[in-house]
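**Student:** If you scroll down you'll find the structure; I have some questions about it.
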Amino acid sequence: MGRILTAYFRAFGQLSDPKTRAVVWKSIGASLAIFVGLYITITVVLKATTFIAIGPLEAFFDVVAQFGVMLLTWFLFPAVVTAIGSLMLDDVVAAVEQRHYPALPLAPGISVMEGIGPALKFLGVTVGLNILCLPLLLTPLFPFVYYALNGYLISREYFELVAFRRLDVATARDLRLRWRGALFLAGVGFAFMLTVPILNLIAPVIATAAMVHLFEAWRERDNLPTKAAAGPSQPAGPKAIDATKPPAIGRADGQ
């Protein structure tokens, strides 16, 4: 848990970096656009559907549906903003690495086209599962199911966003499974941030920065070298450091 808190603390500290702040403004704009787009889409779908043909009842249903639109938009927002954000947060990863891990070689990364497929798949799965859990909305179980479900899905998405830049798919999957408990706890925190007003606008940036720190800590702990870099290593500074072995953060034994 100490490592997770340290990662969050460093992620918020990353906001002082000009490059990160530039991404924050793009993220805020994208998040607002996504929220408005979701709201309009769901409203249009409900308006175009006549559930009750009796006038007064239809009017009553429209009022209830309007509240439902806001509620559904709010619940689907984390899934949609995470899927779309995964296509634009590579700059945050690069900024965190440049500031905290300057010895790392340049990451091969993945192309936009390679990222679109997994992002769309994640969006479909996450939205579908969130809709399936809506019947639990009026039960005490809903908050636990909602945050657990999205904690798992969102943490996996952010982990892959970071990990696939430096590890092959099989190695990244093994690393994720070894640290799945800590990853899930971090993901629940990500999901919670995405449902808090104002904070949810910068949550994708915070989650991405925190995941970089967690990934590098776990990779160092498991002694996993980075895959072949696309170019020459960045300068390590006055002290020579093994470029394939990132420095640890937080407690050596923390989760």
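**Student:** Using the Cβ atoms and a cut-off under 12 Å, what net charge is assigned to the surroundings of Thr20, where Lys and Arg are +1 and Asp and Glu are -1?
**Tutor:** +2
**Student:** Sort the following peptides by mean Cβ neighbour count (other Cβ atoms within 10 Å, averaged over residues), highest first: 168-175, 134-141.
**Tutor:** Top to bottom by mean Cβ count within 10 Å: 168-175, 134-141.
**Student:** Sort 214-226, 147-159 for me by packing, meaning the mean count of neighbouring Cβ atoms within 10 Å per residue, highest on top.
**Tutor:** Going by the mean number of other Cβ atoms within 10 Å, highest first, we get 147-159, 214-226.
**Student:** Each residue of the stretch 127-135 in order: what ³J(HN,Hα) in whole Hz does its phi give by Karplus 6.51 cos²θ - 1.76 cosθ + 1.60, θ = phi - 60°, with x for Gly and Pro?
**Tutor:** Values per residue, Gly and Pro as x: 4, x, 5, 5, 5, 5, 8, 4, x Hz.
**Student:** If you don't mind, there's one more thing I want to ask. Fully extended, how many nm does the chain gain between Leu5 and Leu185 (0.36 nm per residue separation, minus their Cα-Cα distance)? It would help to have the intermediate numbers written out before the result.
**Tutor:** On the way: separation 180, 0.36 × 180 = 64.80 nm, distance 1.05 nm.
Contour length minus Cα-Cα distance gives 63.7 nm.
**Student:** Is the C-alpha gyration tensor of the stretch 1-43 telling us rounded, prolate or oblate? Criteria: a/c under 1.5 is rounded; beyond that, a/b larger than b/c is prolate, otherwise oblate.
**Tutor:** Taking the square roots of the gyration eigenvalues as a ≥ b ≥ c, the stretch 1-43 is oblate.
**Student:** Each residue of the stretch 146-160 in turn: what ³J(HN,Hα) in whole Hz from Karplus with 6.51, -1.76, 1.60 and θ = phi - 60°, glycine and Pro shown as x?
**Tutor:** Each residue of the stretch 146-160 in turn: 4, 6, 5, 4, 6, x, 5, 5, 5, 4, 5, 4, 5, 4, 5 Hz.
**Student:** Then there is this: Once phi is turned into ³J(HN,Hα) by the Karplus curve 6.51 cos²θ - 1.76 cosθ + 1.60 with θ = phi - 60°, what whole-Hz value does each residue of the stretch 208-224 show in order, with x for glycine and proline?
**Tutor:** 5, 4, 4, 5, 4, 5, 5, 4, 5, 5, 5, 5, 5, 5, 8, 6, 9
No lab work stands behind these numbers, since they all come straight from the coordinates. Since this is a predicted model, take the numbers as computed values, not measurements. We place every Cβ from the backbone using ideal geometry, glycine too, and count neighbours over all the protein chains shown.
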